[in-house]
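In what follows, a structure is listed as structure tokens, so that the remarks can point back to it.
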Amino acid sequence: MKYTLMSIVAIVALSTLGSANDLVDQAKKVGLEPIPSDKQALMKLIDNPKNPITDAKIELGKKLYFDPRLSKSGLISCNTCHNLGLGGTDGVGAAIGHKWTANPHHLNSPTVYNAVFMRSQFWDGRDPHLEQQAQGPMQAAPEMAISPELATQRISSMPGYVEAFKGVYSDGKITFERIADSIAVFERTLVTPGRYDAFLSGDSKALSAEEQSGLRVFIDKGCTSCHSGIALGGTMQPFPAVKPFKHANVGDFKGDKNSMVKVPTLRNINETTPYFHNGTVWDLAEAVKIMGETQLGVTLTEQEAVSMTAFLKALEGKKPEIIYPQLPVSQTGTPQPDSN
């Protein structure tokens, strides 16, 4: 039987499409999910009925997110450690906070992008919701070090914020909880769909052959036992699970009371160096190999590590456009910065 060039190309294309479709089916069977492309479906996932998303609240939350006056020193904002121009992180091993102090447990700042899809917040998973999470760093002594009372006084002293709160809340009352709630609403919008999501949604050409190969390795080796769902992480798992983590001596963090640690998202992982809870690994391929040994008890071949790294880099998503806000002007009665 003779085949024309066109028929051969068609056969190869159908074979590739079938292979890609099989891979998508396999990915979904092990719990991988795309960020919905439909806006209504996405809103159902990211909205909190107890703290509903509105345009006015997003804008207020954005201002508060970027405002360093929510720190005792007046120098540190949420964006300092979760820089939206740096993959939602700060690019250092241990977070730096009040008095230029490194986190006393040598904990790394996790990305804020796609945090809305996480079941647990903080490395020890102590809060499930962004609203509660947003309250923590402001009050933490080695982070923003501000009291709820001082934060409320500062924000309440500025007419620009007073008017903004009136536009969001019917009674216009400014409370520490509402400050955090507004920040959380802004953070809920920080989702980053990309080529990976398009692939899982049916676009067989969205990932290259090498990236698809890496996804197969990712699934076959069992990485999805922890990195699954839309977030590709966000649950609590034992760490280390099989073999000791070679950098465990950096910092004293041991997880929650059951030695469980929050699984970080893999989305945009190429932008969120350094890796692990204590920020000790700067090379993605090395992190992949360590995870294979530490969590799965397998030694990845060089080709497997290369393929998986290619897939992980394909998890980079499109960031929402963020225009840096002009913040309300401080007044004579605004409590002054305190660096002590």
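The values are calculated or read from the model by the stated rules, or taken from the named source; none is laboratory data. Remember, it's a predicted structure, so these values are computed and weren't measured experimentally. Positions of Cβ are backbone-derived with ideal geometry, glycine not excepted, and every protein chain shown enters the neighbour counts.
For this structure, a couple of remarks:
- Some residue of the range 185-197 being in contact with a Ser or Thr (Cβ under 8 Å, 6 or more places away or on another chain), outside the structural domain of Gly85 (by TED's automatic domain parsing), over 24 Å from Asp55 (Cβ atoms) and at pLDDT 95 or above: yes
- Those residues of the range 284-327 which are charged (D, E, K, R) and in a helix (DSSP H, G or I), in sequence order: Glu286, Lys289, Glu293, Glu302, Glu304, Lys313
- Qualifying residue in the range 101-115 (condition: touching a Ser or Thr at 6+ places or on another chain (Cβ under 9 Å), within 30 Å of Lys44 (Cβ to Cβ) and in a helix (DSSP H, G or I)): yes
- Asn249 under 23 Å from His82 (Cβ atoms) and not assigned by TED's automatic domain parsing to the domain that holds Val116: no
- All conditions in (1) outside the structural domain of Cys81 (by TED's automatic domain parsing); (2) in contact with an Asp or Glu (Cβ under 7 Å, 6 or more places away or on another chain); (3) of a type in the set (A, V, I, L, M); (4) within 27 Å of His82 (Cβ to Cβ) hold for Leu266, with the sole exception of (2).
- Among residues of the range 32-54 that are at negative phi, those with a beta-carbon under 7 Å from a residue that is part of a helix (DSSP H, G or I) and of a type in the set (Lys, Arg) at least six positions away or on a different chain give the pairs Ile46/Arg188; Ile53/Arg188.
Residue-wise test of (1) in contact with a Cys (Cβ under 9 Å, 6 or more places away or on another chain); (2) more than 13 Å from Leu315 (Cβ to Cβ); (3) among the hydrophobic types (A, V, I, L, M, F, W, C).
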{"residue": "Gly194", "(1), (2), (3)": "no, no, no"}
{"residue": "Phe199", "(1), (2), (3)": "no, no, yes"}
{"residue": "Ala209", "(1), (2), (3)": "no, yes, yes"}
{"residue": "Phe245", "(1), (2), (3)": "no, yes, yes"}
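- Residue check for Lys57: surrounded by 19 or more Cβ atoms within 10 Å (Cβ to Cβ), more than 25 Å from Ala141 (Cα to Cα) and of a type in the set (Lys, Arg): yes
- Just one of the listed residues (Gly194, Gly172, Gly167) is small (Gly, Ala, Ser) and within 30 Å of Asp22 (Cα to Cα), namely Gly194.
- Residues in the range 96-145 that are of a type in the set (Asp, Glu) and touching a helix residue (DSSP H, G or I) at 6+ places or on another chain (Cβ under 6 Å): Asp127, Glu131, Glu143.
- Tabulated pairs, the range 232-251, first touching a residue at least 24 places away in the same chain (Cβ under 8 Å) and of a type in the set (S, T, N, Q), second buried (at least 16 other Cβ atoms within 10 Å of the Cβ) and not in a strand (DSSP E or B), C-beta under 6 angstrom, 6+ apart or interchain: Thr235/Val263; Gln237/Cys226; Gln237/Val263
- Note on the range 138-163: residues that are within 24 Å of the chain's Cα centre (by Cα), crowded, with 21+ Cβ neighbours inside 10 Å and over 14 Å from Gly74 (Cα atoms) amount to 0.
- Of all the listed residues (Arg154, Arg188, Arg178), the sole one being within 27 Å of Ile46 (Cβ to Cβ), of a type outside the set (S, T, N, Q) and touching a residue at least 60 places away in the same chain (Cβ under 8 Å) is Arg188.
- Contact annotation: residue pairs with Cβ atoms under 8 Å, 6 or more positions apart or on different chains, pairing a residue in the range 314-336 that is surrounded by fewer than 15 Cβ atoms within 10 Å (Cβ to Cβ) with a partner that is of a type in the set (A, V, I, L, M), are Pro320/Leu190; Pro320/Val191; Val329/Met158; Gln331/Met158.
- Flag for Thr301 being touching a helix residue (DSSP H, G or I) at 6+ places or on another chain (Cβ under 9 Å) and of a type in the set (S, T, N, Q): no
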